[in-house]
1. Just the accessible area per residue of the chain, please: how many Å² with a 1.4 Å probe?
2. Please give the peptides 162-168, 36-42, 121-127 ranked by average Cβ packing (other Cβ atoms within 10 Å per residue), highest first, as a rough proxy for protection.
3. Based only on Cα atoms, what Rg/Rh ratio does the range 25-182 have, Rh being taken as Kirkwood's radius?
4. Compute the relative contact order of the chain as a whole-number percentage, counting only Cα pairs closer than 8 Å that sit 6 or more residues apart in sequence.
5. Could you check the simple spin-label distance between A177 and H22, using points 7 Å along Cα→Cβ, in nm with one decimal?
6. Roughly to the nearest percent, how much of the accessible area of the chain is carbon and sulfur, given a 1.4 Å probe?
7. Efficiency by 1/(1 + (r/R0)^6): what FRET value for T110 and W77, r their Cβ-Cβ distance, R0 = 25 Å, to the nearest 0.05?
8. Using alpha carbons only, what's the Rg to Rh ratio of the range 41-107 with Rh from Kirkwood?
Amino acid sequence: MSAASLLQPPFVRPTGRFLLAHPAHLIALGLGSGLSPWAAGTVGTLWAWAAFLALQPWMNELRWGLMLLIGLPLACWACSVTARKLRAADPGCIVIDEILAFWLVLWLLTPTGWGEQMLAFILFRYFDAAKPGPVGWADRLYHGMDPTQTPRGWAKAGWGIMLDDLVAAFCTLLVLALWRSL
């Protein structure tokens with residue numbers, strides 16, 4: 001343990017005041033869905049699903065693609081800033097990773113019915129929570145570093161937070177593609 005980490009206060013669950021203190025916090029905490037006291041990742045994924053359905057009438061393939069393309073670096077930045085402020089490598093309250101990854105799943109899956117969306121939700125949550133195989137590898141890839149030691153560590157933190165969820169999205173899409181091919 002480094003001397004710097006001894007001076008840092010322990011992780012504290014963020015509040016509404018923290019959420020509104022910086023635009024990065026608002027983004028990283030999924031407009032407040034990450035403040036859920038239980039299963040923040042599941043709540044963030046449910047929020048992503050509801051937001052996707054609400055936005056769908058105004059979106060097309062190009063708009064979803066642009067939103068995700070712009071959203072990924074924005075989310076990495078927001079995750080880095082928020083994780084640094086919370087002094088944690090991957091705080092559970094950060095849910096923009098689940099939101100963007102699940103939007104990617106729904107975007108690539110559409111058009112589809114409610115049942116297949118529910119199956120996508122269940123699979124995505126399984127891969128994200130249990131972290132089997134490649135998802136676990138992606139999760140461990142960046143968590144071995146000490147982001148408090150260098151500013152560059154915090155830059156990597158955002159990507160590290162996002163990566164396992166993107167791999168979980170890929171695994172979800174792979175299973176659904178295999179299921180559709182049967």
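1. Working: 9540 Å² over 182 residues.
I get 52 Å² per residue for the chain.
2. Numbers: 162-168: 23.7, 36-42: 15.3, 121-127: 19.9.
Highest-to-lowest ranking by the protection proxy: 162-168, 121-127, 36-42.
3. On the way: Rg = 15.2 Å, Rh = 15.7 Å.
Rounded to two decimals, Rg/Rh equals 0.97.
4. Values: 217 pairs, mean separation 47.8, N = 182.
Computed value for the chain: 26 percent relative contact order.
5. Calculated label separation equals 3.7 nm.
6. On the way: 6730 of 9540 Å².
So the carbon and sulfur contribution to the accessible surface is 71 percent.
7. Values: r = 27 Å, r/R0 = 1.09.
Efficiency at R0 = 25 Å is approximately 0.35.
8. On the way: Rg = 12.7 Å, Rh = 12.5 Å.
On the Cα set of the range 41-107, Rg over Rh gives 1.01.
The values are calculated or read from the model by the stated rules, or taken from the named source; none is laboratory data. Since the model is a prediction, treat every value here as computed from it, not as a measurement. Positions of Cβ are generated from backbone atoms using ideal geometry, with glycine treated the same way; all protein chains shown enter the neighbour counts. Please note that ligands, DNA and RNA were not included when accessible areas were found on the heavy atoms of the full protein model with its side chains. Shrake-Rupley method; radii C 1.70, N 1.55, O 1.52, S 1.80 Å.
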